[in-house]
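Please read through the structure below; I'll follow up with questions.
The values are calculated or read from the model by the stated rules, or taken from the named source; none is laboratory data. Given the structure is predicted, the values throughout are model-derived calculations rather than measurements. Neighbour counts run over all protein chains shown; Cβ positions are idealised from the backbone, glycine included. Heads up: the accessible areas ignore ligands, DNA and RNA and are worked out on the full protein's heavy atoms, side chains in. Shrake-Rupley method; radii C 1.70, N 1.55, O 1.52, S 1.80 Å.
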Amino acid sequence: MNSKRILITGAGSGIGLETALELFHRGHQVIGIIRNQKKFNAMWKERSTEPPPFSIINFDVTDEKKAATAVARILKEGPV
């Protein structure tokens, strides 16, 4: 299998989080977009004593300026 860099929005909870974890466990490099760092940290602390196994970027995808900055940063590291 070829490992891919995969960007997941909504990775802070629910289906987005479970998808990010599943793709990570399948060997992919996952970048998770979350909207609320504080909420995510509290939830993750209840779930695990280890840090999340994938990269986390905190911003609201509806904020076009922040989204553009984040995407530029992500793409600077390689294709997604």
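Considering only residues that are open to solvent by 60 Å² or more (accessible area, probe 1.4 Å) and of a type in the set (Ser, Thr, Tyr), which ones fall in region 29-54?
Of everything in region 29-54, just one residue is open to solvent by 60 Å² or more (accessible area, probe 1.4 Å) and of a type in the set (Ser, Thr, Tyr), namely THR49.
Could you tell me whether VAL71 is touching a residue at least 40 places away in the same chain (Cβ under 8 Å), surrounded by fewer than 17 Cβ atoms within 10 Å (Cβ to Cβ) and β-branched (Val, Ile, Thr)?
Answer is no for this residue.
Would you mind telling me which numbered condition in (1) open to solvent by 60 Å² or more (accessible area, probe 1.4 Å); (2) modelled with pLDDT of 95 or more ALA11 fails?
(1)
Every residue in region 1-60 that is of a type in the set (Lys, Arg) and touching a residue at least 24 places away in the same chain (Cβ under 8 Å), please.
Hits for region 1-60 are LYS4, ARG5, ARG26, ARG35, LYS39.
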